[in-house]
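Data first, discussion second: the structure below is written as structure tokens.
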Amino acid sequence: MDELRDQFLLEGRELAQQAAADLLALERDPADASLIARVFRAVHTMKGATGLFDLGPLGSLLHVAEDLLDGLRSKVLRPDTAMMSALIGTIVQVERWLDDFEAAGKLPTDAAERGRASEAALRQASGGRIAEAASAASAADTGWMEGLGGSAGDRLTAIRYVPRSDCFFAGDDPLEMIRAVPDLRRLDILPREPWGPTDTFDPFACNLVFVAVSGAPRAEIEAAFRFVPDQVELVALDDKNEGGDSEGAMTAARMLRVPAARLDQLAETVDELMIAKNELTHLFRQIAEAGLDSGISRALTAGQTNIDRVAARLHRTVADLRLVPLSPLLRRFPVLAREIADGLGKQVELRVSGDSLEVDKSIVDGLFEPLLHLVRNAVDHGIETKEARSAAGKPATATITLEARRTGDSFVIALADDGRGIDLDRLRSTAREKLGLDGADLAALSEQDVLELIFRPGFSTSAKVSALSGRGVGMDAVRSAVGALGGKVSVASKAGAGTTVSLTLPFRIVMTRVVTVESGAERFGVPIDAIVETVRVAPEQIQPVRHGRAFIWRDRVLPLLDLPDLLGEGRNFPGANGLHAMVVGEGDRLAAIAVEKFSDRIDVLMRPLEGFLAGIKGISGTALTGDGHVLLILNPVELIA
Amino acid sequence: MTVHLDHRTIRLEGNCYVEDAEPLLALLQGGAGRAVDVSAMGTIHAAVLQLLLIFRPQVVGANSDAFFNRWIQPVLAMADDE
């Protein structure tokens with residue numbers, strides 16, 4: 001893992017979020033100089049850190065933003081809405097690029113172009129006065145950097161040394177300078193420009209960039225580069241929170257970064273342990289039933305209870321390892337909502353509230369896109385234009401709340417706007433056009449049922465497809481994305497007063513390990529926990545018993561049932577070549593169910609049955625398989641009851 | 001330093017300076033797949049290292065310089081993998 005990059009991403013995101021929050025606060029209280037100073041420092045620190053990586057457009061954009069902020073700081077410029085919008089747009093762009101950098105290790109190909117557009121917006125917002133402000137900035141710059149450098153302790157300094165291409169002629173050996181850096185902790189040597197063709201390569205032009213980290217005091221590092229100070233950038237790696245440092249350092253010491261794959265492996269092993277434990281449970285019961293020496297039996301039962309308890313705790317602890325706080329995800333949205341609103345000429349304030357919850361990492365990761373879509377929808381379709389709002393007697397600035405709260409075993413994220421609400425008549429007419437529903441069908445639907453129509457695939461009420469919402473995903477995509485995480489989406493709306501979309505999700509993704517069994521052309525899943533044993537029954541073992549069949553298993557007679565028959569197909573396997581069967585049931589009530597064959601063991605996310613499927617006996621839920629098929633999950637205990 | 005070709009292996013001997021870059025470049029351009037033996041090399045100049053990074057020859061031989069082994073060798077090995 002690349003620690004330097006991880007740290008950069010971690011700090012970059014924190015700084016961007018802090019800057020975003022401060023900018024929104026600044027808009028409410030433009031006179032607060034401490035907010036401007038904080039945003040300036042955040043942007044400045046980010047800019048310094050970008051120099052460690054090949055992130056030219058990001059560094060350049062931050063540089064322009066820094067100039068603008070310095071103008072505000074030195075009161076050359078006065079904050080206004082256009083400036084705030086440009087700065088917020090910048091921060092949103094920075095966060096996006098951080099995501100791109102994390103995912104792809106580089107900025108997207110259009111980064112330079114986008115960066116220039118954002119820079120132009122900043123320049124325009126400053127009324128062309130950024131250049132003027134810039135000179136003031138450079139003076140302020142060095143003072144601030146010096147303040148960070150000199151303190152003692154094990155502080156790391158990042159070094160970016162870009163030797164001039166003619167440095168060899170000047171007699172410099174860049175490698176010798178790097179060699180002179182004390183306490184070198186890390187060194188990367190990269191090409192400044194991509195290496196050209198080897199046959200025309202000029203050996204006397206230096207095309208190297210050195211990125212290093214040293215634990216030495218800044219002065220000693222500077223001494224190593226004393227002949228080339230203009231070609232070196234030094235950034236203190238932990239310079240962001242002077243005041244709260246001790247707390248940060250302590251948390252860092254107690255944290256350990258572990259690749260997610262290793263956690264998954266651990267979780268899988270624990271699952272296997274649970275299954276092995278279940279097998280033991282069954283053996284213990286048999287021993288107890290066999291009436292062996294009661295002392296041993298009691299001791300075994302006590303031991304088994306202990307193992308059960310410890311295994312359950314282990315299972316839970318491992319599941320908890322994957323929990324991460326939900327709030328960083330939610331905190332991204334105020335600034336995103338603001339940026340979306342700017343693009344549509346609306347004024348929106350998005351407030352985040354609610355409990356601090358910890359949720360499975362994959363759920364948090366999977367929620368960004370659906371939530372972004374909902375926020376976009378709310379701003380684009382939910383919130384009225386300024387004119388319509390004032391005509392309706394509403395404040396010009398619309399309010400969207402994003403609230404997270406715990407409800408028993410699950411949590412709810414509710415996104416509520418104070419916009420126009422969903423127009424049911426328009427929904428009905430769209431349903432007639434796009435879904436081909438006729439008037440009588442629609443008349444039979446309750447208001448809530450009509451609202452639910454927005455989740456139908458192919459349904460979008462927007463008459464014109466705008467750049468924002470018309471990105472090819474509708475509410476059906478939101479529902480399926482949330483559904484894939486094991487959650488549900490619901491909507492409530494009041495004409496003229498607003499719309500609330502609620503996502504109900506589990507804290508954890510609970511995977512169920514199932515064996516897939518075949519019966520005719522159909523495949524079903526059976527939870528491994530529900531199977532006592534899988535057996536192969538030879539033809540001579542099968543004994544007819546009245547209308548059915550049975551066989552002897554571990555000295556007891558088990559009824560031998562057929563899966564197609566149990567599912568109401570009224571069909572039995574012939575059994576002339578023997579049968580595959582699974583022994584299922586609880587306690588004394590055991591039976592064997594014959595299947596055509598057993599295939600894979602897979603982990604699935606099981607969802608309870610909904611709608612008209614709910615209540616089917618013997619089926620406990622459905623799951624999507626890797627190849628996109630729906631697998632019905634059987635409940636064997638119900639099947640044989 | 002001397003740069004000389006021994007069958008298909010380019011040997012670097014003694015401390016490498018900037019002027020060694022040109023003969024090394026000629027040898028690297030002269031035959032694809034030539035390995036570079038660094039076992040008798042002293043310190044390495046950035047201009048020489050740069051050639052090893054662009055041509056990515058197979059680097060053979062154990063060097064006794066601690067700085068080279070700790071910091072340069074891994075960079076060259078990384079280039080090898082790509």
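The values are calculated or read from the model by the stated rules, or taken from the named source; none is laboratory data. None of the values given here were measured: they were computed from a predicted structure. Counting neighbours? That spans all protein chains shown, and the Cβs are built from the backbone with ideal geometry, glycine included.
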For chain B, give me every one of the helices (runs of 4 or more DSSP H) that falls completely inside it and has 3 or more residues that are over 11 Å from the mean Cα position of the chain (by Cα) and surrounded by fewer than 16 Cβ atoms within 10 Å (Cβ to Cβ). B:21-30, B:73-81
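Free of Cβ contacts under 8 Å to residues at least 40 places away in the same chain and under 18 Å from A:Leu590 (Cα atoms): which single residue out of A:Arg556, A:Arg546 fits that description?
Step by step, each of A:Arg556, A:Arg546 is checked, and only A:Arg556 is free of Cβ contacts under 8 Å to residues at least 40 places away in the same chain and under 18 Å from A:Leu590 (Cα atoms).
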Can you find, within region A:172-222, the residue that is surrounded by the fewest Cβ atoms within 10 Å (Cβ to Cβ) among those that are of a type in the set (Lys, Arg) and in contact (Cβ under 8 Å) with a residue 40 or more places away in the chain? A:Arg186
Regarding region B:6-20, can at least one residue be identified that is touching a helix residue (DSSP H, G or I) at 6+ places or on another chain (Cβ under 9 Å) and of a type in the set (S, T, N, Q)? no
A:Arg262 at pLDDT 75 or above and either away from chain B (no Cβ under 14 Å) or under 30 Å from B:Gly30 (Cα atoms) (or both): yes
Which listed residue, of A:Gly149, A:Gly105, is within 14 Å of chain B (Cβ to nearest Cβ) and modelled with pLDDT under 85: A:Gly105
Answer yes or no as to whether B:Ala32 is under 30 Å from A:Arg185 (Cα atoms), of a type in the set (A, V, I, L, M) and more than 9 Å from every other protein chain (Cβ to nearest Cβ). no
The residue that is surrounded by the most Cβ atoms within 10 Å (Cβ to Cβ), considering only those in region A:274-310 that are in contact (Cβ under 8 Å) with a residue 40 or more places away in the chain and hydrophobic (A, V, I, L, M, F, W, C), is A:Met274
Take region A:159-201 and flag every residue that is in a loop (DSSP other than H, G, I, E, B) and either of a type in the set (Phe, Trp, Tyr) or facing chain B (nearest Cβ under 9 Å) (or both). A:Pro163, A:Cys167, A:Phe168, A:Phe169, A:Gly171, A:Asp172, A:Asp173, A:Trp195, A:Gly196, A:Phe201
Which one of the conditions (1) over 30 Å from A:Ser480 (Cβ atoms); (2) exposed (fewer than 15 other Cβ atoms within 10 Å of the Cβ) does A:Asp600 fail to meet, given that it meets all the rest? (1)
Find the helices (runs of 4 or more DSSP H) located wholly in region A:272-387 whose residues include 2 or more that are among the polar types (S, T, N, Q), and list them. A:294-321, A:361-377
